[in-house]
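Chemist: Supplied in structure tokens, the structure appears directly below.
The values are calculated or read from the model by the stated rules, or taken from the named source; none is laboratory data. This one's a predicted model, so the numbers in the text were calculated from it and none came from an experiment. Note: ideal-geometry Cβ built from the backbone for every residue, glycine included; neighbour counts use all protein chains shown.
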There are 2 protein chains.
Amino acid sequence: MSLLQFSNQLPKVSSLGPELVLVYDKVLDRKVPGFRRWRQSFSASYGVEAGEDLKAVEKFPGHISKVVSLCDSFSSRQLKLVVVGGGSVGDFGGFVASVLKRGVGLIHIPSTWLAAIDSAHGGKTALNVGKAKNQIGTFYPAEKVILIKSLLLAQSSARAFEGFSELLKVALLSGGRFWQQLRIEKKISNEVLWRHLPQAIEGKLKIVKKDPRETKGLRHQLNLGHTMGHVFESYYELPHGIAVNYGMEFALRWSAQKKLMNASTAQSLEESPVMTYLLSAERDHLLNSNAGVLRAWRKLLLRDKKKSSAQKLRFIFLIAPGKPVVKDVFVDEVLLELCRQQEEELYA
Amino acid sequence: MSLLQFSNQLPKVSSLGPELVLVYDKVLDRKVPGFRRWRQSFSASYGVEAGEDLKAVEKFPGHISKVVSLCDSFSSRQLKLVVVGGGSVGDFGGFVASVLKRGVGLIHIPSTWLAAIDSAHGGKTALNVGKAKNQIGTFYPAEKVILIKSLLLAQSSARAFEGFSELLKVALLSGGRFWQQLRIEKKISNEVLWRHLPQAIEGKLKIVKKDPRETKGLRHQLNLGHTMGHVFESYYELPHGIAVNYGMEFALRWSAQKKLMNASTAQSLEESPVMTYLLSAERDHLLNSNAGVLRAWRKLLLRDKKKSSAQKLRFIFLIAPGKPVVKDVFVDEVLLELCRQQEEELYA
């Protein structure tokens, strides 16, 4: 497991190690006061543009040959990659660290909520192949993840809403005190996210520790909201957090429909201050039962890495906060439920 | 560690698993009787052309997108890659297995001596970046390595000479009974290699087990002959086995020159029937003290993954069979010794 470190400011570069290559999101130069000066104190650095395109395997050869030449004068034993950015930069940088010279040191400094709450922890790295997300990757936990308040609070408040989906997900999976504390929040802001961050990371790592390589089916829980979330994300090119919010709503409604979640739990969930905020924040008109769209979604679902067999996939339902349940469902059941929810929506 | 299985014939495909993708060297269709029929019984297969070009990271996106689409109808949990080929096919296929869906099952069926003796064991996978070999890769041991007599004996006898370098290397590192049995061989043939194969694999795995991820410096021993071997291989585009034979001769002569190996050991080594065979089989005129060549070699040496610091690398010397010693040397010391050996050669 990675070492966690919470800090107000960017760390001294010399404190991170003797031979460092920095991989960073170029946007931070403009967005974060003092960032440019900080990153210029690395002797080797590689600026990237964040986004799914960075994770395109087609671009990987170009990136890796530049990184390899940056490392030319370093010994590979002491070499460490310091990766500063959001989810895509972390997935990319983590993958690079895991394969460069068969694995070098890795420090994550997440600059977005999605990364700080979720993707920087647990060791998953990934690249996309064509239009299919995360088809290749490794399990490669960072030595250290450094959470920096000034960096995370430099984000616009819109980002807080996107990052919130992963926070909510872990709270729903964890239940208990974390959920009780989060459910009464009325407003999502950067400050609120920073406050709940340690609990969210702890909640995620608790699940990861039980199943670090996703071989026992336990880690699948963390996919709550992600099965349809990834479909929306790919198909509508939505930000991950927004897509997962919709995917989570889909999962919760399906859990209630299947009577896995009883009516009173469903109601108390719906009435939680934080959920009202979430569900009213944006209305989705994403459900679509057009035959062509369903065919496309079917294809995207079939690419889901959580497939349990050729036509089935693992779907995460919620019985109640703290009680997720993983069930094998046919891809076509997901599509039927989509149609049902759309009708419910239309005639609501 | 991988399960080892020795067998006379290619295994029943159904015995390997329920969801298989075969990655195979296309040349085997022509070279091995019955191979084509065997490989056609896989429901998904991907034929490749062996060689360093297969390991070029620039070609990786094209390969991986084809493999991903071959897996479309499979569940990733049961998916296994069966990789049949020599060193380059194994390095490539092993890397693909290690990153596909963050790692799927892997069975190696080596078809060359180099792979059967060395590269299929110990879990190293690799791709090349530009002209630099094995710059990226993973540690990903196969679940199972199947050694098949009919497949390995289908190789021409020239291949036995190439494969012999890794056998000799492990015998020199292991010493003891293995070295005693190998040193008296007067002729290298496919049959001789098959006979010594189990001991060679055992000898290699003994070293790998002590240091599976090459973090303790112990696994470096296996690099005996490879520091200059890789330079000769890159610079002269020689087959790996031939290049390593030259590299090993360089290492043994340097060991004697440095008095790490005493004169009587050096003499007894030189007089071993197997060494006479080896050293007389081809004469090297590869040593070259031209300034431009030395500059190029310097650059190649500096790319060596066994660098211990910016200007030093780990070199494996031999005190006696069974007694390797790893020492940090300056890159320039290697170049000076090259010049010395060339002069010795010239005035011999």
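Chemist: Can you name the residue in the stretch A:250-287 that is at pLDDT below 95 and of a type in the set (F, W, Y) and is also surrounded by the fewest Cβ atoms within 10 Å (Cβ to Cβ) among such residues?
Modeler: A:Y277
Chemist: Condition (residue is at pLDDT 95 or above and either farther than 30 Å from B:V67 by Cβ or assigned to a strand (DSSP E or B) (or both)) applied to the stretch A:56-70: is it met by at least one residue?
Modeler: Yes, because at least one residue in the stretch A:56-70 is at pLDDT 95 or above and either farther than 30 Å from B:V67 by Cβ or assigned to a strand (DSSP E or B) (or both).
Chemist: So which of B:K133, B:K144, B:K101 ends up being under 21 Å from B:F6 (Cα atoms) and basic (K, R)? Steps first, please.
Modeler: On the way: B:K133 fails: under 21 Å from B:F6 (Cα atoms); B:K101 fails: under 21 Å from B:F6 (Cα atoms).
Sole residue among the options that is under 21 Å from B:F6 (Cα atoms) and basic (K, R): B:K144.
Chemist: Take the stretch B:220-275 and flag every residue that is of a type in the set (S, T, Y) and in contact (Cβ under 8 Å) with a residue 24 or more places away in the chain. Talk me through it step by step, then tell me what you get.
Modeler: Going through the stretch B:220-275, the residues of a type in the set (S, T, Y) turn out to be B:227, B:234-236, B:246, B:255, B:264-265, B:268, B:272.
Residues satisfying the conditions are B:T227, B:S234, B:Y235, B:Y236, B:Y246, B:S255, B:T265, B:S272.
Chemist: Can you pull out every residue in the stretch A:116-136 that is farther than 18 Å from A:E166 by Cβ and not aliphatic (A, V, I, L, M)? Spell out the reasoning first.
Modeler: Residues of the stretch A:116-136 that are farther than 18 Å from A:E166 by Cβ, as a first pass: A:127-132, A:135-136.
The answer is A:N128, A:G130, A:K131, A:Q135.
Chemist: Only residues that are surrounded by 14 or more Cβ atoms within 10 Å (Cβ to Cβ) and among the basic types (K, R): list them for the stretch B:1-30, please.
Modeler: Selection gives B:K26 alone.
Chemist: Exactly one of these conditions fails for A:S174: (1) surrounded by fewer than 21 Cβ atoms within 10 Å (Cβ to Cβ); (2) touching a residue at least 24 places away in the same chain (Cβ under 8 Å); (3) not hydrophobic (A, V, I, L, M, F, W, C). Give me its number.
Modeler: It is condition (1) that A:S174 fails.
Chemist: May I ask you to list the residues in the stretch B:95-110 that are of a type outside the set (A, V, I, L, M, F, W, C), assigned to a loop (DSSP other than H, G, I, E, B) and in contact (Cβ under 8 Å) with a residue 24 or more places away in the chain? Give the derivation first.
Modeler: To start, the set of residues in the stretch B:95-110 that are of a type outside the set (A, V, I, L, M, F, W, C) comprises B:98, B:101-103, B:105, B:108, B:110.
Checking the rest, the ones that are also assigned to a loop (DSSP other than H, G, I, E, B) come to B:101-103.
The answer is B:K101, B:G103.
Chemist: So, one more: Considering only the stretch B:51-64, how many residues are within 10 Å of another protein chain (Cβ to nearest Cβ) and surrounded by fewer than 16 Cβ atoms within 10 Å (Cβ to Cβ)?
Modeler: Selection size over the stretch B:51-64: 1.
Chemist: Before we move on, is B:A158 buried (at least 18 other Cβ atoms within 10 Å of the Cβ) and among the small types (G, A, S)?
Modeler: Working: buried (at least 18 other Cβ atoms within 10 Å of the Cβ): no; among the small types (G, A, S): yes.
The answer is no for B:A158.
Chemist: Checking the conditions here, which among A:S111, A:S73 is at the interface with chain B (Cβ under 8 Å from one of its Cβ atoms) and polar (S, T, N, Q)?
Modeler: Values: A:S111 fails: at the interface with chain B (Cβ under 8 Å from one of its Cβ atoms).
On inspection, the qualifying residue turns out to be A:S73.
Chemist: I'd like to check something: does the stretch B:78-88 contain any residue that is free of Cβ contacts under 8 Å to residues at least 40 places away in the same chain and either within 14 Å of another protein chain (Cβ to nearest Cβ) or more than 21 Å from B:F232 (Cα to Cα) (or both)? Quick ask: steps written out before the conclusion?
Modeler: Taking the stretch B:78-88 and keeping what is free of Cβ contacts under 8 Å to residues at least 40 places away in the same chain, we get B:88.
If we keep only those that are either within 14 Å of another protein chain (Cβ to nearest Cβ) or more than 21 Å from B:F232 (Cα to Cα) (or both) as well, we get none.
Checked the stretch B:78-88: no residue is free of Cβ contacts under 8 Å to residues at least 40 places away in the same chain and either within 14 Å of another protein chain (Cβ to nearest Cβ) or more than 21 Å from B:F232 (Cα to Cα) (or both).
Chemist: Then there is this: Within the stretch A:111-159, which residues are under 23 Å from A:Y236 (Cβ atoms) and assigned to a helix (DSSP H, G or I)?
Modeler: Residues satisfying the conditions are A:W113, A:L114, A:A115, A:I117, A:D118, A:S119, A:S157, A:A158, A:R159.
Chemist: Name the residues in the stretch A:321-332 that are more than 22 Å from the chain's Cα centre (by Cα) and either assigned to a strand (DSSP E or B) or crowded, with 17+ Cβ neighbours inside 10 Å (or both), would you? Walk me through how you get there before you give the answer.
Modeler: Applying the first criterion (more than 22 Å from the chain's Cα centre (by Cα)) to the stretch A:321-332 yields A:328-332.
A:D328, A:V329, A:F330, A:V331 - these are the residues of the stretch A:321-332 that are more than 22 Å from the chain's Cα centre (by Cα) and either assigned to a strand (DSSP E or B) or crowded, with 17+ Cβ neighbours inside 10 Å (or both).
Chemist: Here's a follow-up. Is it the case that the stretch A:23-31 has a residue that's more than 14 Å from chain B (Cβ to nearest Cβ), on the phi > 0 side of the Ramachandran plot and under 24 Å from the mean Cα position of the chain (by Cα)?
Modeler: Our first condition is that a residue be more than 14 Å from chain B (Cβ to nearest Cβ); within the stretch A:23-31, this holds for A:23-31.
Imposing the further condition that a residue be on the phi > 0 side of the Ramachandran plot reduces the set to none.
Within the stretch A:23-31 (the criterion being more than 14 Å from chain B (Cβ to nearest Cβ), on the phi > 0 side of the Ramachandran plot and under 24 Å from the mean Cα position of the chain (by Cα)), the answer is no, since none of the residues qualifies.
Chemist: Could you give every pair whose Cβ atoms fall below 8 Å, whose first residue belongs to the stretch B:294-316 and is more than 22 Å from B:R340 (Cβ to Cβ), and whose second residue is aliphatic (A, V, I, L, M) and modelled with pLDDT of 70 or more, counting only separations of at least 6 or pairs across chains?
Modeler: Pairs that qualify, where the first residue is more than 22 Å from B:R340 (Cβ to Cβ) and the partner is aliphatic (A, V, I, L, M) and modelled with pLDDT of 70 or more, are B:R303/B:A132; B:K307/B:L313.
Chemist: Quick check on the stretch B:177-184. Is at least one of its residues touching a residue at least 40 places away in the same chain (Cβ under 8 Å), over 24 Å from B:F92 (Cα atoms) and either crowded, with 22+ Cβ neighbours inside 10 Å or in contact with a Phe, Trp or Tyr (Cβ under 8 Å, 6 or more places away or on another chain) (or both)? Full working, then the answer.
Modeler: Here is the first cut: in the stretch B:177-184, the ones touching a residue at least 40 places away in the same chain (Cβ under 8 Å) are B:179, B:182-184.
Then keep just the ones that are over 24 Å from B:F92 (Cα atoms); that gives B:179, B:182-184.
Narrowing the set further to residues that are either crowded, with 22+ Cβ neighbours inside 10 Å or in contact with a Phe, Trp or Tyr (Cβ under 8 Å, 6 or more places away or on another chain) (or both) leaves B:179, B:182.
So far as the stretch B:177-184 goes, yes, one or more of its residues are touching a residue at least 40 places away in the same chain (Cβ under 8 Å), over 24 Å from B:F92 (Cα atoms) and either crowded, with 22+ Cβ neighbours inside 10 Å or in contact with a Phe, Trp or Tyr (Cβ under 8 Å, 6 or more places away or on another chain) (or both).
Chemist: Anything in the stretch A:189-200 that is surrounded by fewer than 23 Cβ atoms within 10 Å (Cβ to Cβ) and under 19 Å from the mean Cα position of the chain (by Cα)? List them, or say none.
Modeler: As a first pass, look at the stretch A:189-200 and keep what is surrounded by fewer than 23 Cβ atoms within 10 Å (Cβ to Cβ): A:189-192, A:194-199.
The answer is A:S189, A:N190, A:V192, A:W194, A:R195, A:H196, A:L197, A:P198, A:Q199.
Chemist: While we're looking at this one, here's another question. Quick one: how many residues across the stretch A:3-20 are within 21 Å of A:L193 (Cβ to Cβ) and of a type in the set (A, V, I, L, M, F, W, C)?
Modeler: Number of matching residues: 3.
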